[in-house]
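Q: Before we start, here is the structure in question, set down as structure tokens.
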Amino acid sequence: MIGKKDIVDNELIKEIITIRFDTLCRMLEHERMGFMPGVDDEGATGRFDNKGAIFIPGGLIYQDVDERFIRYEPYGPINGGEFRRKIRDAMRNDNATLLYPDGIAPSVNLDSGFFSKAARRIFTYKKAAHRRSRKVGTGPVIEIDSDDIIKSHCPTYMKPPYGARTRISSCISVGLIEPPMFFAYYKTELNFSEKQTRRFMADLDRTRDKALSSDNTILYPPYVVVCHDTRYKSNNYTGLTRILGIGRFGEFATFTFESVNKQLAGEMKRRNQGFTPDDIFAEIHGLPILGIIRIYNRTNPGKRLLKYQLVIVSPKDDVGIDVQSVGSLARKHYQERAANDADTDSGPHETA
């Protein structure tokens, strides 16, 4: 199983955590005012992640929903800071952002049906191939649907029906879990020519590599990263972040901001995890708020084992965030915005 360094040590995840920390400041201000979104409500976002996001290694995608070839904006040699600014800009757009070692394609509309069908076929055929009985009429029907695949790549507190962002990200991550079968499905479904075959093979192989910047930092990992705009659990203060395609089927990770309440304290104790003052992002009601990564074990389609690894993200050591200065600026922004909204609401209203 991969560790914290494999998840966090890249500019994409660091920037997402930084953006989510800004959102945390907004959510704490909402909590203070009694406006916290419900567990299953959208809107657990801030000024930089308001539309959520899906980041996908571009080599997994051959065409968009209108069957047009993907064209991306090349940026050539780029350092970590410049790349992070492009990520922040991309999060202002809807749809998916495709990442390449030398460029980025924001706001790409994808065909969710195509990837759902790919995932269903791949794992249905794998299940059939491993069936011992030669009689197809005995035992349960060999059929895996997309909900089975999604369930195995979500924590247990994410319940169906699943949204479009959850569905398409889970199904696309199959390309990182089963690259040869994903390639075979693409080639057959799209009837690739020899030239198209060679090109897609090269692009797909590149998705397994880490992309490096001009200053030799890792730009993004070979994963699918999803920024949800819903909390999904009461002790999470921002939209859930999922990291998919990190290993075998059912292996994925989540990032949340959680207060050290009785439940989390007990969970950390069982897993021999402690924290120091340097690990604290913020506080609420006298409780520290930590950045928590949970890395879930592999499982079978339609199942979700409760086994996972829990690690704590340090704002300074792991992400490079000065929580005092960054948090102060964020709180000031959201407090001023709240005051302006209140002034607007209390102003004169036109009557009929």
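No value in this document is a laboratory result; all are computed from the given coordinates. Since we're looking at a predicted model, the values are computed, not measured. Here the Cβ is made from the backbone with ideal geometry for all residues, glycine too, and neighbour counts use every protein chain on show.
Q: If we count every other residue with Cβ under 11 angstrom of G247's Cβ, Lys/Arg +1 and Asp/Glu -1, where does the sum land?
A: Numbers: positive: R248, R298; negative: D6, E251.
In short, 0.
Q: Counting each DSSP H run of 4 or more residues in the chain as -39500 (n - 2.57), what helix-only mean residue ellipticity at 222 nm follows after dividing by all residues, to the nearest 500 deg cm²/dmol? Please report the intermediate quantities before stating the final value.
A: Numbers: 11 runs with 133 residues, N = 352.
Taking each H run of at least 4 residues, the total per residue is -12000 deg cm²/dmol.
Q: Relative to the present Cα-Cα distance, how much length would full extension add between S214 and E82 at 0.36 nm per residue of separation? It would help to have the intermediate numbers written out before the result.
A: Working: separation 132, 0.36 × 132 = 47.52 nm, distance 1.04 nm.
Length gained, S214 through E82: 46.5 nm.
Q: Among L290, G245, T230, whose Cα lies farthest out toward the positive end of the dipole of segment 195-339, if unit charges sit on the beta carbon of Lys, Arg (+1) and Asp, Glu (-1)?
A: G245
Q: Averaging over every viewing direction, what projected area does the convex hull of the Cα atoms of the chain cover, in nm²? Each step should come with its number before you reach the end.
A: Numbers: hull surface 90.5 nm².
Over all viewing directions, the chain projects a mean Cα-hull area of 22.6 nm².
Q: Can you tell which of A339, A330, A265 shows the greatest fluctuation in a Gaussian network model of the chain with Cα springs below 10 Å?
A: Highest fluctuation of the listed residues: A339.
Q: Compare D317, D94, D22 in a GNM of the chain, Cα atoms joined below 10 Å, and give the one with the largest fluctuation.
A: In this elastic network of the chain, the residue with the biggest mean-square fluctuation among D317, D94, D22 is D317.
Q: Loop-only GluC sites (Glu not before Pro) in segment 1-77, please: DSSP not H, G, I, E or B, and at most 12 other Cβ atoms within 10 Å. Present the calculation step by step, with values, prior to reporting the outcome.
A: Numbers: sites: E11, E15, E29, E31, E42, E67; in loops: E67.
Answer by residue number: E67.
Q: What is the Cα centroid distance between segment 77-109 and segment 1-72, reported in whole angstrom?
A: 12 Å
Q: Right, another one. Hey, got a sec? Which trypsin sites (Lys or Arg not before Pro) in segment 217-303 land in a DSSP loop and have at most 14 other Cβ atoms within 10 Å?
A: Details: sites: R231, K233, R242, R248, K262, K269, R270, R271, R294, R298, K303; in loops: R231, K233, R248, R271, R298, K303.
In loop regions of segment 217-303 (DSSP not H, G, I, E or B), the sparsely surrounded trypsin sites (Lys or Arg not before Pro) are R248, R271, K303.
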